[in-house]
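Before any comments, here is the structure.
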């Protein structure tokens, strides 16, 4: 029985890794599209390019890192909630954090 549990644990971990990588890739693509739409300039992907200011490079790095990190966090939390059978927004057994009146 322990082998089946270990396989399930490995599968869950692999699912979290694959989901996190996919979310990070999607988030980075989204950041790139939004960056170009918002600034009208290409994504600063070459740190040695003198046409890119340090401020612009830092702003892009911070924005992309925050978005990728948030996407990975949300996927990891969502998959963990699915694994444990709980809702990630739940505050307790009642599901909404509001105590229900006794019937």
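A few remarks follow.
- Looking at 77, 83, just one residue is under 21 Å from residue 20 (Cβ atoms) and modelled with pLDDT of 85 or more, and that residue is 77.
- Here the condition is being assigned to a loop (DSSP other than H, G, I, E, B) and at pLDDT below 90; of 9, 95, it holds for 95 alone.
- All positions within region 32-41 that are loosely packed, with under 13 Cβ neighbours inside 10 Å and farther than 22 Å from residue 22 by Cα: 37, 38, 40, 41
- Region 44-78 - residue that is farther than 15 Å from residue 25 by Cα and surrounded by 14 or more Cβ atoms within 10 Å (Cβ to Cβ) and, of those, nearest to the chain's Cα centre (by Cα): 78
The values are calculated or read from the model by the stated rules, or taken from the named source; none is laboratory data. Just so you know, these numbers come straight off a predicted model, no measurement behind them. Note that each Cβ is placed from the backbone with ideal geometry, even for glycine, and that neighbours are counted across all protein chains shown.
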